[in-house]
Amino acid sequence: MSAGPTCTMSVDRQGVATIVLTNAPVNALHPDVLAALQRLLEECHGRSDVKCVVITGSGKNFCAGFDIAQFAAQSPDKVKESVSGASEILTRVLEEGSKPTVAAIQGVALGGGCEVAAACNARVATPDAKIGLPELQLGIIPGFGGTQRLPRLVGLQTGLELILTSKSVKGSKAHSLGLVDEVAQTPQQLLAVAKAVALDLASGKRKRVRTLEREDRLEPKDIAKMILGIAKEQTKKRAPNVMHPLLCIDAIEAGILKGGKAGLAAETAAFNQAAQLPAHKALVNIFFAARGTKKVKGVSDGTKLSVPKRKLQTVAVIGGGLMGSGIATASLQAGMSVVLKEINQKFLDAGIQRIHKNLESRVKKGRLSEDKFKQMMSRVKGVLTYSKQDFQRVDIVIEAVIEVVGLKQQIFKDLEEVCRPDCVLSTNTSTIDITVIAEKMRNPERIIGAHFFSPAHVMPLLEIVRSNLTPPDITRDLLRYGSMIKKTPVVVGNCTGFAVNRVFFPYTMAAMLLADAGVDAFRIDKIVQKVFGMPMGPFRLSDLVGGDIGQHVGANFIQSFPERTYGNANGPLVQMNQKKWLGEKTGRGFYRYDKGEKKRTKMVKDLEAIGPVFQESRRAAQQLGVPHLQGVSDRDIVEMIFFPVVNEACRVLAEGVVEKSKDMDIATVMSMGFPAYRGGLVHWADSECGASYIASRLQTFASMFPQQSGFFVPCEYLLHCAYKGVPLSQGQSFYVSPIAKL
Ligand code: 3H9
């Protein structure tokens, strides 16, 4: 039975005490671990038979930092209380105690784990250990001395870069940077090397270093000030809507200017301040949301399924276009073999060429060796027919052809003939009902959706679409495939647009309505991007997707949800599509795209060209009763665009299209680039707005647009949450839609 979060200690004959951080699976620093560490170190400092101390982690990891579950479960004040003084205590018992300390690092040493190691008098690591300070990704700053010790070990410039980017380095690289003193070639040698270093420190053979007092790796003060100034400017530009990175730089600066001890005090104050900010709770929500998607009720929550796990070695990708070649690339990178099917040699060659290009760009960036690149390319087989010889060895198929129902139906009929009965058959449709695609199959329950986002080898989300026929073992194995290709797989129910596209369909529609009501489209884009923090505004997004595709997909939604759409027969998309202004791909859409130097595209607001399009659209809108709005504030714009999106998310929650609201949160962040520091769509709605405010604002908007009120009218789920005073994230426990999907 596990002893719970703690530390254990043993002392060998040579007088080396080994303290083991123990909290499976990653030895997170639960307050009980910290308390045990302090107690055991104090014991060591008082024992005459102990000469020196080695600190290591149980199992495969050193330590993944402070226990993030504490952040999720407790108020910032409670967390502050439980870590109060911990930084000074760690300094006293690790760095300044009477016995020297050495960290023996294997696996990860992240956040507080890296800080415990940095506070030791020396560090030994295995070559592939992963060491870094990713706290900024959680909306906080390192709080156990990392802001002070990392720059003192590796220099200010490198230290800042590592902290501000949350990047980790391998043990071997850490050694070359000065973060690690010795490298033990294998995990088996780690303790022996660390003990030898500890004994050398105890005997004086090796000089004992107290990092907080070091100045030798720091740049001269005038240079340091310059580096800090540049870092602040860049940070303000890169992350204008969050404060914690700047608080972090301030804490580092305090240490550089006033010394390590003063820096520690500044760090604690900045940590406490950051922990109170909404971005912290939001980013912790994202941390757990990303991990929670893999646990699906009755599928991968420990439930034993009668069908054994499939070997997933060979994937067949049907269609070598942008999507198909991206999926093939991701699969090759996961070590799989790929059968790529196209309809003619020209398309097949182009598909293979795309895969080649995708992988080659990784070689150019130094992320893939030439050898591995060649190995990967040798695992692709291009085919033009569905032969049993090729398809009987396939474990999973992903169809990625154009969105034409009849074509997809025929493909699955053919696949069923040539694939093994246990082969997973999936479709990368973005909008079509998967049961419709399965209509011509003998066993329609075999089909499952694998919705990738473009470019498929880069974008991190995979929507796994199951119908109420889908057996759990197929969902389980597609989840496993998603993890193998390093995607965050989110299991969703079957409906038009599934979770992500469905929730975002009112996004562009609301933007078009606002523009028709006289609000400047470029202002809308600016507010949504700069103020709200999306990667781009709705008009720019429309240009990126392509006006023709936008109209095609929009038509699907209009057909499925006619009561909550806005359509203007002379709207800007209709006019632009007639002119073949299809967006970035044709050089013109809402913006003009000029080819600049080095093939860079310059985006231009061409008011002369686009102005008349909007005017024409507004004239038509007036006929439809769209009012002309004046005095619309930035906040109004945000609410009119995002509250309909929240409203649709409520329907998705009510229908059980996603199992939990956190799935919606992570899906919106990883697909549409909803700002992670807002915690995802539902977290944002709950924490920054609240159900009753959203419902009342939507009612106001609905009354402002009586003829187009469809997507503004609050849905039942939202009204229930507002009425009962419960967060939208918890509404699923009491509200069940009459059309629940799962
Ligand atoms: C910090 O240290 C602040 C201090 O400076 C100051 C404080 C005052 N705590 O990701 P995985 C769990 S802030 C609690 O699926 P992988 C995780 O939830 C911390 N739990 O596996 C999951 O649980 P479950 C700074 C943690 O192999 C399980 O471990 N540190 C923690 O793909 C396996 O995780 C970080 O930001 C934690 N710290 O990746 C590091 N870490 O099985 C965050 C993990 O129930 N962690 N868990 O779903 C990571 O980056 C990755 O989890 C890691 C493993 C690389 C460690």
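The values are calculated or read from the model by the stated rules, or taken from the named source; none is laboratory data. All of these numbers come straight from a predicted model, not from anything done at the bench. Glycine also receives a Cβ, built like all others from the backbone with ideal geometry; neighbour counts cover every protein chain displayed.
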Candidates I558, I527, filtered to the one that is touching an Asp or Glu at 6+ places or on another chain (Cβ under 8 Å) and over 20 Å from V613 (Cβ atoms) = I527
Checked against (1) assigned to a helix (DSSP H, G or I); (2) more than 25 Å from E648 (Cα to Cα); (3) not polar (S, T, N, Q), L513 satisfies every condition except (2)
What strands (runs of 3 or more DSSP E) lie completely within segment 104-209 and have 3 or more residues being closer than 13 Å to F62 by Cα?
-> 108-110, 122-125, 130-132
Extreme residue, surrounded by the fewest Cβ atoms within 10 Å (Cβ to Cβ), among residues of segment 146-165 that are under 27 Å from the mean Cα position of the chain (by Cα), more than 7 Å from the ligand (Cβ to nearest atom) and of a type outside the set (S, T, N, Q) | E161
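Take segment 285-314 and flag every residue that is exposed (fewer than 15 other Cβ atoms within 10 Å of the Cβ) and within 13 Å of the ligand (Cβ to nearest atom).
Passing the criteria: R291, K295, D301, G302.
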Members of segment 260-278 found to be part of a helix (DSSP H, G or I), within 14 Å of the ligand (Cβ to nearest atom) and within 30 Å of the chain's Cα centre (by Cα), listed by number = E267, T268, A269, A270, F271, N272, Q273, A274, A275
Kindly list the number of the only condition in (1) within 11 Å of the ligand (Cβ to nearest atom); (2) modelled with pLDDT of 95 or more; (3) out of contact with any Asp or Glu (no Cβ under 8 Å at 6 or more places or on another chain) that fails for S58.
-> (1)
Pair list, Cβ under 6 Å, 6 or more apart: segment 337-364 residue farther than 23 Å from Q392 by Cα, other residue outside any loop (DSSP other than H, G, I, E, B) | R354/S325; I355/S325; I355/A328; I355/T329; N358/T329; L359/F373; L359/M376; V363/F373
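Residues are listed down the side, and each one gets a yes or a no for (1) touching a Gly at 6+ places or on another chain (Cβ under 6 Å); (2) among the charged types (D, E, K, R):
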{"position": "L305", "(1), (2)": "no, no"}
{"position": "V317", "(1), (2)": "yes, no"}
{"position": "L322", "(1), (2)": "no, no"}
{"position": "G326", "(1), (2)": "no, no"}
{"position": "D349", "(1), (2)": "no, yes"}
{"position": "I355", "(1), (2)": "no, no"}
{"position": "L368", "(1), (2)": "no, no"}
{"position": "K374", "(1), (2)": "no, yes"}
{"position": "L384", "(1), (2)": "no, no"}
Please give the number of the condition V317 fails out of (1) more than 16 Å from the ligand (Cβ to nearest atom); (2) surrounded by fewer than 22 Cβ atoms within 10 Å (Cβ to Cβ).
-> (2)
Flagged in segment 114-155 as of a type in the set (A, V, I, L, M, F, W, C) and more than 17 Å from G178 (Cβ to Cβ), in numbering order, are V116, L136, L138, I140, I141, F144
Scanning segment 84-117 for residues that are within 9 Å of the ligand (Cβ to nearest atom) and in contact with a Phe, Trp or Tyr (Cβ under 7 Å, 6 or more places away or on another chain), the one nearest to T22 (Cα to Cα) turns out to be G113
What number of residues within segment 567-592 are in contact (Cβ under 8 Å) with a residue 40 or more places away in the chain and not in a helix (DSSP H, G or I)?
-> 8
Are there any pairs with C-beta distances below 9 angstrom linking a residue in segment 236-247 that is within 22 Å of G146 (Cα to Cα) and in contact (Cβ under 8 Å) with a residue 60 or more places away in the chain to a residue that is of a type in the set (D, E, K, R) and crowded, with 17+ Cβ neighbours inside 10 Å, with the two at least 6 apart or on different chains, and if so which?
-> H244/E135
